[in-house]
Amino acid sequence: MTEGRGDRFAARPGEVHLPLDPAARGDATVTFIGRIRTPWSEQDCPKNLRQARERGMPPARVELDPAYRAGLEGIEAGAPLVLLYWMAGAPRDLIRQAPKHRDSPAGVFALRSPARPNPVAMAVVRCLSVDPDTGVVMVDAADCWDGTPLIDIKPWLDTVDLPPK
């Protein structure tokens with residue numbers, strides 16, 4: 001199932017593709033509420049938030065579309081936030097992957113890879129500033145390409161989001 005997708009998505013040993021492309025199903029819709037602005041492109045994007053923070057680049061800029069700006073009420077600088085975003089360039093039919101950093105292949109649900117049936121990414125970030133009038137939220141870092149579609153913003157709550165020991 002990698003035909004026509006170029007070397008970038010060529011299967012590595014141990015990888016398994018789905019018999020169908022989930023992008024072709026059309027059984028749900030997602031509304032993008034804005035975009036994430038970063039200095040990253042496909043060629044230089046960090047693999048995760050830790051790498052993004054280590055590079056010491058400028059903060060990421062979250063830009064909400066006008067219709068969603070009222071939803072920023074109650075968000076304050078310093079608050080931890082969960083960003084959900086759509087990794088639009090990722091393949092959606094790869095169900096078992098062989099990442100370069102692992103000794104053996106693993107199922108997509110055991111990995112944080114953007115290649116998955118629904119390429120939804122999640123980042124826990126720190127809000128540096130928020131301007132509800134312009135819909136701009138500055139956050140400490142992001143590990144996505146410039147212009148990545150934003151799906152949602154949620155508050156990170158230590159009373160809810162920490163798993164039990």
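The values are calculated or read from the model by the stated rules, or taken from the named source; none is laboratory data. Just so it is clear, the model here is predicted, and its values are computed rather than measured. In this analysis, Cβ positions are derived from the backbone assuming ideal geometry, glycine residues included, and neighbour counts consider all displayed protein chains. These accessible areas exclude ligands, DNA and RNA; they are computed on the full protein's heavy atoms, side chains included. Shrake-Rupley method; radii C 1.70, N 1.55, O 1.52, S 1.80 Å.
Couple of notes before you dig in:
- Residues in region 81-94 that are open to solvent by 30 Å² or more (accessible area, probe 1.4 Å) and modelled with pLDDT of 95 or more: LEU84, TRP86.
For every residue, the table says whether it meets (1) more than 20 Å from THR148 (Cβ to Cβ); (2) touching a strand residue (DSSP E or B) at 6+ places or on another chain (Cβ under 9 Å).
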| residue | (1), (2) |
| --- | --- |
| HIS101 | yes, no |
| GLY107 | yes, yes |
| ALA115 | no, yes |
| PRO119 | no, yes |
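- Of the residues GLY78, GLY147, GLY107, GLY135, the single one that is open to solvent by 20 Å² or more (accessible area, probe 1.4 Å) and at positive phi is GLY78.
- Scanning region 110-132 for residues that are open to solvent by less than 20 Å² (accessible area, probe 1.4 Å) and more than 24 Å from LEU94 (Cα to Cα) yields a total of 2.
- Leading residue by the ranking (surrounded by the fewest Cβ atoms within 10 Å (Cβ to Cβ)) among those in region 1-20 that are at pLDDT 75 or above and not charged (D, E, K, R): PRO13
- Of the residues making up region 53-99, those that are more than 30 Å from LEU20 (Cβ to Cβ), out of contact with any strand residue (DSSP E or B) (no Cβ under 8 Å at 6 or more places or on another chain) and among the hydrophobic types (A, V, I, L, M, F, W, C) are MET57, ALA67, ALA70.
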